[in-house]
Amino acid sequence: MTTASAAQPLQWDYAPAPESAAIGRIKPRYQPYINGHFVDGGGVDDVTINPGTEEALATVSQCDDANVDAAVKAARTGYDKYWSKLSGAERGKYLFRIARAIAERSRELAVVETLDNGKPIKESRDVDVPTAAAHFFYHAGWADKLQHAGLGAHPQPLGVAGQVIPWNFPLLMAAWKIAPALAAGNTVVIKPAETTPLSLLVLAEIFAEADLPPGVVNILTGAGDVGSALVNHPGVDKVAFTGSTNVGKKIQASLAGTGRKLTLELGGKAANIVFDDAPIDQAVEGIVNGIFFNQGHVCCAGSRLLVQESIAEEVLAKLKDRIGTLRLGNPMDKNTDIGAINSAAQLARITALADTGEGEGATRWTSSCAIPDRGFYFPPTIFSNVSQSMRISREEIFGPVLSVLTFRTPDEAIAKANNTPYGLSAGVWTEKGSRILGMAGALKAGVVWANTFNRFDPTAAFGGYKESGFGREGGLSGLAAYLRPELEA
């Protein structure tokens, strides 16, 4: 006998659960923040759009060279007149105040970040904003303890820090850079990407509400020309850049011989290595998080899966089953796993590079998930039968595209993992602690995760080798990047 419930399978579809865009309180127009004031830039207004819908979000006043000069001069005055005069304990109070304000306005910041960037609200809400607050909290605690940073009894700040950040984690990258700079006693001029300035301009409101002295933090809006003017300004003592390797090389060349400090956090092509003794179901979750978190817009994304040959078919089958359950769509829906690609230009780049994978002979599998009619979306995609010479195996795609290679021995895994011009991150999945330690020592990567991936903590240093840049952010090493021993001052 057949029951009605047996004849009709249960439906487990999620009901829509959109976050309210009104919480973001998006304004019609935003201005750069210079010397403690929101002022009109000298450039032509630009419009930032919602990548999830392609609709205009707000007009943003753009800066010109005169604004860059004014911001650097304001930062110098802010350093000489206010910030360098404060004790570490007093600087720490400001940082604590900012951290608390980020936490208090967390829901608003998460909505702004998702609307402007396209990332799922659950990621901006649960990762970006709380981690940004954590960086200010962590560095607030360091502000009066710099004598323990390993640079002598009286380490000194560098002066004015010029910082340029990318569009993939606007608020979090700003916190990574601003918090240690301020804790160490520097002042800041920072430029977000032209496609994602809004969360940083809300952060500027928090700086103003915290009564941060004028000029201590200045925020410039604009495209690459504004960033170039900032990093090449003679009034900047230290440059910190996160972005593409090509731009990083140009900055390094332009600063060579100037004596100014430089840290670069650039591209990556991380290997996520799965051995045959790994807990496979756990590893599959780690692989998904490694490459599909933030739509793959992550410099340390695990975009190359190296799986031991004996379990490759099983891992690939389970991976496809798991990816088939991921929900792609409205970034503001709390059930969405994969949101929108940040821009039409980035979507075109991902599409072109994925097409080369097929052209070079790799086997393509793409999730059959529904794709919204409007907005910039790319479905999660896996390439198998990939060789090391293919572009999808060597170039940073910066999207939800995974290349799968196999290996037979640990030595082969190490050789393939290190066969890249990059060296930012890697992952190792195995039950053997000795193997984890051996692999971590052999892999040429700044960060090696063991039985997990894409985990970030303010206390842990992050950075790369080779064409992934140099210098560290987070932890003691990140703090030291904004200090120098007293004898060098």
- Length-normalised contact order of region 272-326 in % [C-alpha pairs under 8 Å, at least 6 apart]: 47 percent
- Note down, for the chain, the three equivalent ellipsoid semi-axes (square root of 5 times each alpha carbon gyration tensor eigenvalue), biggest first, whole angstrom. 38, 27, 20
- Message: Please list, ordered by chain and number, the residues whose modelled amide H lies under 5 Å from the amide H of G302; skip anything fewer than 5 residues away on the same chain.
- Response: I291
- Given Cβ charges of +1 for Lys and Arg and -1 for Asp and Glu, the option among L146, A208, F383 whose Cα lies farthest towards the positive end of the dipole of the chain is L146
- Could you give the accessible area per residue of region 271-450, probe 1.4 Å, as a whole number in Å²? 37 Å²
- Item | Neighbour net charge for T114 - beta-carbon separation under 12 angstrom, K R +1, D E -1 | -3
- Message: Could you put T459, T452, T187 in order of accessible surface area, largest first, with the 1.4 Å probe and the full protein assembly present?
- Response: T459, T452, T187
- Query: Sorted by accessible area (1.4 Å probe), largest first, how do Y377, Y14 line up?
  - Reply: Y14, Y377
- Where q = 0.08, 0.11, 0.15, 0.18 Å⁻¹, what log10 of I(q)/I(0) comes from the Debye formula for region 271-450, counting one point per Cα? -0.23, -0.44, -0.82, -1.17
- Theoretical FRET efficiency, 1/(1+(r/R0)^6), r = Cβ-Cβ of A440 and K250, R0 41 Å, to 0.05: 0.80
- Accessible surface of the chain [probe 1.4 Å, protein heavy atoms]: carbon and sulfur percent: 53 percent
- Quick one: go through region 464-489 and flag any residue whose amide nitrogen is under 17 Å from the point 7 Å out along the Cα-to-Cβ line of S84. 482-489
- Could you order D116, D211 by accessible surface area, starting with the largest, using a probe radius of 1.4 Å? D211, D116
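The values are calculated or read from the model by the stated rules, or taken from the named source; none is laboratory data. Fair warning: this is a prediction, and the values are worked out from it, not measured in the lab. Because the Cβ atoms are built from the backbone with ideal geometry, glycine has one as well, and the counts that use them run over all protein chains shown. SASA here: full protein model, heavy atoms, side chains in, ligands and nucleic acids out. Shrake-Rupley method; radii C 1.70, N 1.55, O 1.52, S 1.80 Å.
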